[in-house]
1. By a straight-distance test (C-alpha under 12 Å), which aspartates and glutamates pair with LYS21 as possible cross-link partners, with residues fewer than eight away in the same chain excluded?
2. Using helices alone, what [θ] at 222 nm do you get for the chain, with -39,500 (n - 2.57) per DSSP H run of 4 or more residues, divided over all residues and rounded to the nearest 500?
3. Quick check: from the Cα gyration tensor, does region 3-61 come out rounded (a/c under 1.5), prolate or oblate?
4. For LYS16, give me every one of the lysines with a C-alpha distance below 20 angstrom, ignoring sequence neighbours fewer than eight places off in its own chain.
5. Which translational diffusion coefficient, to the nearest whole µm²/s, is obtained for region 1-128 from the Stokes-Einstein equation, given a Kirkwood hydrodynamic radius over C-alpha pairs, 10 °C and 1.306 mPa s?
6. Using a ≥ b ≥ c from the Cα gyration tensor of region 94-154 (square roots of the eigenvalues), is it rounded, prolate or oblate, where a/c under 1.5 gives rounded and otherwise the larger of a/b and b/c decides, a/b for prolate?
7. Give the lysines whose C-alpha is closer than 18 Å to that of LYS44, dropping any in the same chain fewer than 8 places away, or say none.
8. According to the square roots a ≥ b ≥ c of the eigenvalues of the Cα gyration tensor, what is the shape class of region 27-102, taking rounded for a/c under 1.5, prolate for a/b larger than b/c otherwise, and oblate for the remainder?
Amino acid sequence: MTTQDLKSSEYNEYYKRYIDKLSPKILLREGYKVGKDSVLDFFKSIPKDKLEFRYDIGKWTVKEVLQHLIDTERIFMYRCFRIARRDSAPLMGFDQDIYVEPSMANVKSIDDLLKEYEINRNNSIVMIDSLSDDDLKFVGIASDSPMSARAAAFTILGHDIWHMDVIKVRYL
């Protein structure tokens, strides 16, 4: 299952920016394994003095961005799981900005954040591996729009790349 298999009717136009970050030939399950190593290597390479840097007032620090990736993966994997299980109840959106302060990301060590990311990603890998292709093709409703389980899963991979690109341009 690749991003080429996705139809635009499987996700809200907003998520196209993330899905477009992915190679059209990326395999979903392999993408989670490769993506894990990519994210871990990327954040390990960031100089310690940049981890709490903000490029502008009100912008997140690098640590907060990493916590955001973790939190977003949790939410989108929850969406993926519920949709794949044929749950027809519409899933609510979330306000990413209200998650930052209570996350206390800047108080956590980078090692603790990386451990949290890795454990979360490993959980996502196990869950995706447990779902059939038919499960992943199922379409539900998230944030008032159609979303397939696989679109939720692919969005996470592109979302990681999106934020790493922002860090490269604005933080480093």
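Values quoted throughout were computed directly from the atomic coordinates according to the rules given, and no laboratory measurement underlies them. Note that the structure is a prediction, hence the values are computed from the model and not measured.
1. Of all the aspartates and glutamates, those that pass the test against LYS21 - Cα under 12 Å, at least 8 places apart if same chain - are ASP160, ASP165.
2. Only helices count here, giving -19000 deg cm²/dmol.
3. oblate
4. LYS7, LYS25, LYS137
5. In µm²/s, the coefficient is 98.
6. Oblate, because a/c is 1.5 or more while a/b does not exceed b/c.
7. Counting by Cα, and skipping residues close in sequence, LYS44 has these lysines nearby: LYS33, LYS36, LYS63, LYS108, LYS115, LYS168.
8. The shape class here is oblate.
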